[in-house]
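To start, the structure under review is shown below, and the notes come after it.
The values are calculated or read from the model by the stated rules, or taken from the named source; none is laboratory data. Values in this document were obtained by computation on a predicted structure and should not be read as measured data. In this analysis, Cβ positions are derived from the backbone assuming ideal geometry, glycine residues included, and neighbour counts consider all displayed protein chains. For the accessible areas, the whole protein counts, side chains as well, though only heavy atoms, and no ligand, DNA or RNA atoms are used. Shrake-Rupley method; radii C 1.70, N 1.55, O 1.52, S 1.80 Å.
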Amino acid sequence: MTKKRILQIGSLSGSPTANAELAERYEVLELWKAPDQAAFLREHAQDIEVIATSAVMGCKADVINALPNLKAICSWGVGYDTINVEAAHARNILVSNTPDVLNDCVADIAWGLLLACARNIAWGDRFVRANDWENKVGMLPLGTRVSGKKLGIVGLGRIGEAIARRGLGFDMQVAYHNRNARKDVAYEYKASLIDLAQWSDFLVIATVGGASTKHLINEQVLRALGPKGMVINIARGSVIDEQAMVRLLAEGALGGAGLDVFEHEPKVPDELKKMNNVALMPHVASATHETRRAMLDSLLENLESFFTTGKVITPVA
Ligand code: 8YV
């Protein structure tokens with residue numbers, strides 16, 4: 001049977017088998033390998049109905065507009081701030097993501113970064129590896145207790161809830177800020193982001209990315225979190241004013257930062273790399289064998305569903 005054709009925006013290198021599994025099922029047009037991508041799109045424009053992409057690679061309006069018969073964009077990952085959903089929906093083009101399957105692993109990394117910051121885990125590892133302990137070069141400074149402290153969640157969605165649940169396990173008080181209070185949770189709601197930051201010992205950013213949350217965590221919020229407060233970001237780098245965060249960390253006006261995402265990935269400010277009260281990860285919150293498999297299964301199910309029913313399984317709003 002002739003394989004259905006899809007346009008793949010880029011290599012899904014975050015999965016060990018995604019490229020091969022897509023090629024096994026579909027005739028894949030590999031946009032990222034085309035020397036002249038505009039010419040490639042013009043050449044295939046008429047026969048591309050479906051795009052496969054990812055949360056990081058997204059899909060820009062110029063690609064969408066170059067494909068008159070495009071009907072669905074299926075993305076590997078939960079975030080879709082890199083997809084021009086407005087342009088897609090304006091033409092009734094379906095857009096799908098892979099929600100829920102990565103909630104626990106992303107929440108786990110948020111906790112890994114929180115603990116690393118609070119208890120100097122990355123710093124301690126460097127200290128031992130540098131033989132500073134062995135050679136009695138100074139001491140690792142005291143850390144900050146996590147258990148029983150105040151955990152603030154910015155963006156209590158499904159990932160934010162998984163993070164909050166873990167906080168209960170550490171006997172923490174949990175509060176959150178959303179645009180509106182949720183009626184289906186018992187956590188304290190803070191209508192003001194500043195109030196939540198002032199209240200929190202640890203402020204975890206779990207919002208969506210994109211224009212609606214750009215620099216939501218600004219200098220004022222970070223100053224409210226304060227010199228003993230720590231900010232953790234597993235959402236998108238664009239949500240925090242990175243320059244302000246670096247400046248406040250350098251001034252000692254912010255206690256620490258645990259970051260899996262950055263404003264201009266993969267570029268990370270050199271100042272952050274030199275700070276010991278900062279834990280850094282390369283956007284790997286979903287990067288476990290189990291979760292990346294589940295994300296791929298979800299992507300494949302969305303593609304299959306579209307080709308057999310004309311609908312996707314997990315459409316974005
Ligand atoms: C990406 C992520 O999926 O799912 C998301 O929104 O940010 C990550 O899990 C991964 O980096 C591949 O794009």
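This table checks each residue for (1) within 12 Å of the ligand (Cβ to nearest atom); (2) over 23 Å from residue 157 (Cα atoms); (3) not hydroxyl-bearing (Ser, Thr, Tyr).
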| residue | (1), (2), (3) |
| --- | --- |
| 213 | no, no, no |
| 244 | no, yes, yes |
| 263 | no, no, yes |
| 270 | no, yes, yes |
| 284 | yes, no, yes |
| 288 | yes, no, no |
| 291 | yes, no, no |
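Cβ-Cβ under 6 Å, sequence separation 6+ or interchain: first residue in the stretch 207-225 and not assigned by TED's automatic domain parsing to the domain that holds residue 80, partner assigned to a loop (DSSP other than H, G, I, E, B) and within 16 Å of the ligand (Cβ to nearest atom). Which pairs?
Between residues of the stretch 207-225 that are not assigned by TED's automatic domain parsing to the domain that holds residue 80 and residues that are assigned to a loop (DSSP other than H, G, I, E, B) and within 16 Å of the ligand (Cβ to nearest atom), the close pairs are 207/155; 207/235; 209/79; 209/81; 209/236; 210/81; 213/207.
Under 7 Å by Cβ, and 6 or more places apart or on different chains, what pairs join a residue from the stretch 191-203 that is more than 11 Å from residue 226 (Cβ to Cβ) with one that is part of a helix (DSSP H, G or I)?
Partner pairs satisfying both residue conditions: 193/221; 194/220; 194/221; 194/224; 202/114.
For the stretch 1-17, how many residues meet the condition of being within 16 Å of the ligand (Cβ to nearest atom) and not in a loop (DSSP other than H, G, I, E, B)?
Number of matching residues: 1.
Let me confirm something: among 38, 88, 20, 55, which residue is more than 14 Å from the ligand (Cβ to nearest atom), without any contact (Cβ under 8 Å) to a residue 60 or more places away in the chain, surrounded by 14 or more Cβ atoms within 10 Å (Cβ to Cβ) and of a type in the set (Gly, Ala, Ser)?
88 is the lone residue from the list that is more than 14 Å from the ligand (Cβ to nearest atom), without any contact (Cβ under 8 Å) to a residue 60 or more places away in the chain, surrounded by 14 or more Cβ atoms within 10 Å (Cβ to Cβ) and of a type in the set (Gly, Ala, Ser).
Being within 21 Å of the chain's Cα centre (by Cα), surrounded by fewer than 13 Cβ atoms within 10 Å (Cβ to Cβ) and more than 30 Å from residue 97 (Cα to Cα) is true for just one of 267, 273. Which residue is that?
273
Sort through 112, 143, 152 and tell me the only one that's open to solvent by less than 20 Å² (accessible area, probe 1.4 Å) and closer than 24 Å to residue 275 by Cα.
The match here is 152.
Please specify each residue of the stretch 91-130 satisfying the condition of being within 12 Å of the ligand (Cβ to nearest atom), among the aliphatic types (A, V, I, L, M) and not in a helix (DSSP H, G or I).
Selection gives 101, 102.
With the condition kept exactly as written, say whether any residue in the stretch 72-85 is part of a helix (DSSP H, G or I) and not aromatic (Phe, Trp, Tyr).
yes
Does residue 69 satisfy being out of contact with any strand residue (DSSP E or B) (no Cβ under 8 Å at 6 or more places or on another chain) and away from the ligand (no atom under 14 Å from the Cβ)?
yes
If residue 161 meets every condition in (1) surrounded by 15 or more Cβ atoms within 10 Å (Cβ to Cβ); (2) out of contact with any helix residue (DSSP H, G or I) (no Cβ under 9 Å at 6 or more places or on another chain) apart from one, which number is that one?
Every condition holds for residue 161 apart from (2).
Is there a residue being over 26 Å from residue 212 (Cα atoms) and outside any loop (DSSP other than H, G, I, E, B) anywhere in the stretch 48-59?
Yes, the stretch 48-59 contains at least one residue that is over 26 Å from residue 212 (Cα atoms) and outside any loop (DSSP other than H, G, I, E, B).
So which pairs qualify, if the first residue must be in the stretch 279-301 and farther than 17 Å from residue 56 by Cβ, the second must be part of a helix (DSSP H, G or I) and of a type in the set (Gly, Ala, Ser), the Cβ gap must be under 6 Å, and the two must be at least 6 apart or on different chains?
279/116; 279/122
Just to be sure before I move on: is residue 165 within 26 Å of residue 286 (Cα to Cα), basic (Lys, Arg) and part of a loop (DSSP other than H, G, I, E, B) in the structure I sent?
No; evaluated as a whole, the condition is false for this residue.
Please give the number of the condition residue 30 fails out of (1) open to solvent by 30 Å² or more (accessible area, probe 1.4 Å); (2) out of contact with any strand residue (DSSP E or B) (no Cβ under 8 Å at 6 or more places or on another chain).
Condition (2) is where residue 30 drops out.
From the list 285, 244, pick out the single residue that is in a loop (DSSP other than H, G, I, E, B), in contact with a helix residue (DSSP H, G or I) (Cβ under 8 Å, 6 or more places away or on another chain) and surrounded by 19 or more Cβ atoms within 10 Å (Cβ to Cβ).
Checking each option against the conditions leaves just 285.
Can you tell me how many residues in the stretch 295-317 are open to solvent by less than 70 Å² (accessible area, probe 1.4 Å), assigned to a helix (DSSP H, G or I) and more than 11 Å from the ligand (Cβ to nearest atom)?
7
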